[in-house]
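Comments concern the structure below.
The values are calculated or read from the model by the stated rules, or taken from the named source; none is laboratory data. Keep in mind it's a predicted model, so treat the numbers as computed, not measured. All Cβ positions, glycine included, derive from the backbone under ideal geometry; neighbour counts span all protein chains shown. SASA here: full protein model, heavy atoms, side chains in, ligands and nucleic acids out. Shrake-Rupley method; radii C 1.70, N 1.55, O 1.52, S 1.80 Å.
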Amino acid sequence: MQYDIREHPQAPPVEELREFTMVPVSREEILSRREGDAAFEEVNLREAREDVHIELEPDPTERGTHDDVGTALYRLVQLFGTPNVPGYDAGDDLSGRDDTTFKYLIRVINESDADERTLPDEWLITVFDYHVELGVGIAAWDDEAADAGGYDDAVEIVSMALATNVVTEPLQCVYNDKWF
């Protein structure tokens, strides 16, 4: 992991930081829940916490470092496909958007085999552009028991680290074996 949170005072035990799977929520599930009058509630961690700043490295010529939300989107598309949250599709009407032009809703599955877990078995996060930088949010469906604002610091820290590490790890491009 590029961003190592193991020493953070609010991080969960190291045993729980071994196995996570990130799966985009299917567009069909999102549309189905919306048709059933459910919506996902979201807490933008960059707005909710004063101690959060996601800093990407600024040198585009170095392997694995690039300070461009476009590169983050490129990597997300390569890993998860096009943004899955309706209303953030390329070519859609932009008049209703504020400054977010793409958004992913991702299910984080905790596959840790730690004896006593402090993190939930799974939770939802959003990854989006936030003022032309990377944004990360905690999300929950409003028709379920989970509350987007009810997660503890450990879930927030793990969510930010996972999302940031996914977009900062280079992928091998097909053209000339260049990493980007």
Checklist entry - Which of these values of Cα extents along the principal axes in Å was calculated from the structure shown: [x] 84, 40, 31; [y] 46, 42, 31; [z] 75, 37, 34? => result [y]
Next on the checklist: Below 14 angstrom from the Cβ of residue 15, what's the summed charge of the other residues (Lys, Arg +1; Asp, Glu -1)?
Outcome noted: -3
Item to check | Solvent exposure of the chain as accessible area per residue, Å², 1.4 Å probe | outcome: 56
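Which GluC sites (Glu not before Pro) from segment 108-171 combine a DSSP loop assignment with at most 16 other Cβ atoms within 10 Å? Walk me through the numbers before you get to the answer.
Details: sites: 111, 116, 122, 133, 144, 156; in loops: 111, 116, 144.
Counting only loop positions with at most 16 other Cβ atoms within 10 Å, the GluC sites (Glu not before Pro) in segment 108-171 are 111, 116, 144.
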Item to check | Solvent-accessible ranking of 141, 179, largest area first, probe 1.4 Å | outcome: 179, 141
Checklist entry - To the nearest 0.05, what FRET efficiency results for residue 38 and residue 178 with a Förster distance of 45 Å applied to their C-beta separation? => result 0.60
Next on the checklist: Can you list residues from other chains, or at least 5 along the same chain, whose modelled amide H is less than 5 Å from the amide H of residue 102?
Outcome noted: 129
